Amino acid sequence: MASVVDLLPKEYGYVLLVLALYVFFNVWMATQVGKARKKYKVFYPLLYASESDNKDASLFNCVQRGHQNSLEMMPVFFVLLLLGGLQYPVVAAGLGLVYVVGRYVYFTGYSTGDPKNRTKGGFYVLSLLGLVGCTISLGVNLLLR
């Protein structure tokens, strides 16, 4: 009896490595939010700082929002990466790597305190669209076989 690993293409390992990379990246972003909490004195359970209570609220909120947005997109990215990678593992892994780099640029730009700087990492959206294409192709090919 074949195991699931035997059924997957060898190159699917790249997909899983990109997924693991994003997990480490997410932990790094969470650490940056923790540092910003201390620096700007925004304590739990507050998710965001209030401008009426904290002169640095906008600076903290930019760091927090950069991470929060990445968390909001993470399930979509993971599903598209894992499914699209079943048929196109090298392409999906490459697109996933571009996505991670884009999210890094997005987060570090946002963390400057100027929300406009997040757009420099906006190219991550193109990689996400590529993953949507890979996943659609997988679905169509499954239906046509």
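Each value in this text was obtained by applying a stated rule to the coordinates, not by laboratory testing. What you see is a predicted model, and the numbers here were worked out from it, not measured in a lab. No Cβ is skipped: glycine too gets one built from the backbone with ideal geometry, and neighbour counts run over all protein chains shown.
Starting from the range 94-112, take each residue that is without any contact (Cβ under 8 Å) to a residue 60 or more places away in the chain and list its partners that are not in a helix (DSSP H, G or I), counting only C-beta distances under 8 angstrom and pairs at least six apart or across chains. Sorted first by the residue in the range 94-112, then by its partner, the pairs are V98/F123; G102/G122; G102/F123; V105/F123; Y106/G122. Within the range 20-32, residues that are over 10 Å from V100 (Cα atoms) and touching a residue at least 60 places away in the same chain (Cβ under 8 Å) reach partners that are of a type in the set (A, V, I, L, M, F, W, C) and part of a helix (DSSP H, G or I) with beta carbons closer than 9 Å, at six or more positions or on different chains, in the pairs M29/V63; M29/L71; M29/F107; Q32/V63; Q32/F107.
Checked against the criterion of being surrounded by 12 or more Cβ atoms within 10 Å (Cβ to Cβ) and more than 29 Å from S127 (Cα to Cα), the candidates V42, V15, V91 yield just one match: V42. Does L144 satisfy the condition of being surrounded by 14 or more Cβ atoms within 10 Å (Cβ to Cβ) and of a type in the set (A, V, I, L, M)? Taking the combined requirement at face value, the residue does not satisfy it.
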